[in-house]
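Below is one structure, written out as structure tokens; comments come after it.
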Amino acid sequence: MLGQLTIENFGLIERLTVEFTDKLNILTGSTGAGKSILIDGLRFALGERLNPAQIRDPQKPCIIEIVFELRDKKLLENENIKEFLAFSEGESQLIINRQYLPDSLTATGGRTKIKINGFNVTVAQLKKLGDHLIDFHGAHDHQLLFTEDHHIGILDQLTDFGPAQEHYRVSYEKYQHIKKELSLLEDMATSRDRDLELVAHQVKELEQVPLVQESYEKICAEQVRINNAEKLYSHASSLLQILEGEDGSLADIVRKSFSPLRSLTQTDSQTAVFEQYLNNIQDNSEQLLSELRDYLDRLSFEPGEAAETSRKFDLYDDIKRKYGPTLENAAKFFEVAKEKYSLLMNFEESGSELREKLAEEQKELKKYAQKLTAARKKSAVLLKETIEKELKDLGIEHVAFEARILADEFHASGQDKVVFYISPNAGVDLKPLAEIVSSGEAARLMLALKKALIKVDPIPVLIFDEIDAQIGGRLGTITGKKLKELSQNRQVILITHLPQIASFADSHFKVLKKVSGGKTTTAVNLLDKDERVKELAEMMSGSAKSDISLSHAQSMLSSAKKE
């Protein structure tokens, strides 16, 4: 749930903190008092852009902080959320802090700083997280209902596909891969001869040397020795000459040392350890001389061997320049080139084989797609019954609703196109939602959908900005009751002008303007029982509260409590 919202230097708000209940939270107040500013602040805190004109004092930062208490197991296990809870065992709180720093406070112009539980994050990360926390429903958000591409996703939330969905996904990926290969082959048809010649040259060039780093480094080392053979030979010869001096080699000197050492040891046994040292020197000196002679022998390159090493060295350079910059890039290109060469060499056979594979995979795909369609049809019946019931309760008495499943091309979700059809009036044919629904009906339809999806939609917070558009008093009571029912499973926050809806609140906040020192600010007050009665009376009859309106407000609260 959204536990706390703090806003500073935003719109008419200087600084305020609101603490919400986990049930039904309702905001009321006169037009222009700043109710929607709270919702705008929440949207900004979860990743939406900020209009700099909304900042109260351009010399100060704008700060929005929201605190979430996470209770749902699925949310706590969500990868986008879990990464911010990982450092505190048992942690279930998310603190999101977003600041906008105006031009005057930064050297690079206005920018934002975002922290989640103290960690710096990007706007993209924030938006991804926010999508799992709050579902906003304002006039703009209702427009999603009119976008037919969203209808299949809404229906699928209600649908239990079982293993068929995963089977379809795997088959669809195979199908798309084969289609891509076949399309590539068909594109090659017009330039087959030219392409074959080019690819054959590329394969021949790349297969001349191993395309692995170890082989390349070995050739590089050999080339260095070839290029510096004379210098290396001179240095190694000088070293060998010193070690095999005219007055005796290093090995001879060591051998002669054993006789006086043994005499020394006979007199003082503590020097026996010196013999081991001398043995090590003898072994190492003999090995050094042997390997040094071998090294000098290897520096004598055969002309053909040196030429081959230089050829491979140059070839590696060409390959990295043409197909690199790294050998790993060249190796990947080589694999693709070999596959393409094989396709071109066996053009007719490859095409026939791919078309056969595509037909086989299409049969599999069709089989799984039909299972998805069957599952959607079952859900469509359930959705129809639920939506019609909820909309009739909400005052659209003669409504008829259908989620029609139409045939479509294969796509990532199956072979169906889902379109919502509705008729809000008796005797009127059902038509696509976007062609017939008014804004008031859209708000009620959105509420009905939320009721239908309550068991499968994991988002814990629903926010409705003036869902009461074009709803009268009688429907206000019914709408309030539906919102109350919805709040038993989700936290609901909404703005309303209808006292009938406001009477169902678990927490009722009044948003009002205050003037102090010549400055206007927005404040939010949590109302107690007596204050609620006065607020409802004022909403019914205006600022002049009469005994009748107060009595009516008291009665309205009592009735709502019984529902």
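What follows draws every value from the coordinates through simple rules; no lab data is involved. The structure displayed is predicted, hence computed values, not measured ones. Every residue, glycine among them, receives a Cβ derived from its backbone with ideal geometry; neighbour counts consider all protein chains shown.
Rounding to the nearest 20 debye, state how big the charge dipole of the chain is about its Cα centre with +1 on each Lys and Arg Cβ and -1 on each Asp and Glu Cβ. Don't skip to the answer; put the middle values down first.
Working: 74 positive and 89 negative charges, 683 e Å.
Dipole about the Cα centre, nearest 20: 3280 debye.
Beta carbons within 10 angstrom, averaged per residue: use that to sort the peptides 546-559, 489-502, 387-400, highest first. Don't jump to the answer; show the numbers that get you there.
Working: 546-559: 15.4, 489-502: 24.1, 387-400: 18.6.
Answer by packing, highest mean first, reads 489-502, 387-400, 546-559.
Helix 547-562 and the longest principal axis of the Cα set of the chain meet at an angle near 50°.
Bridging of LYS332 to aspartates and glutamates at a Cα separation below 15 Å is possible for GLU205, GLU207, once same-chain residues fewer than 8 apart are set aside. Structural descriptor for the chain: relative contact order 22 percent, calculated from alpha carbon pairs under 8 angstrom and at least 6 residues apart. Straight Cα distances below 27 angstrom link LYS338 to the lysines LYS174, LYS179, LYS180, LYS204, LYS218, LYS312, LYS320, LYS322, LYS357, with same-chain residues fewer than 8 positions distant left out.
Just need the relative contact order of segment 381-466 here, percent rounded to a whole number, with Cα pairs under 8 Å and 6+ apart.
About 25 percent, as a whole number.
Rounded to the nearest 5, the antiparallel percentage of DSSP beta bridges internal to the chain is 75%.
To check you understand DSSP bridge types, tell me what percent of the beta bridges within segment 444-547 (both residues inside) are antiparallel, rounded to 5. Display every interim value, and only then the final one.
On the way: 8 of 13 bridges.
Antiparallel bridges make up about 60 percent of those DSSP assigns within segment 444-547.
Protection proxy ranking, highest mean first, for peptides 254-262, 38-46, 152-160: 38-46, 152-160, 254-262, where packing is the per-residue count of other beta-carbon atoms within 10 Å, averaged.
Counting only alpha carbon atoms, the long axis of helix 229-243 and the longest principal axis of the chain meet at about 60°. With the simple model of a label 7 Å out from the Cα in the direction of the Cβ, GLU409 to ASN227 spans 5.5 nm.
Helix 250-267 axis versus longest C-alpha principal axis of the chain: approximately 90°, rounded to the nearest ten. In the chain, helical runs assigned H by DSSP with n ≥ 4 each contribute -39500 (n - 2.57); averaged across all residues and rounded to the nearest 500, the mean residue ellipticity at 222 nm is -17500 deg cm²/dmol.
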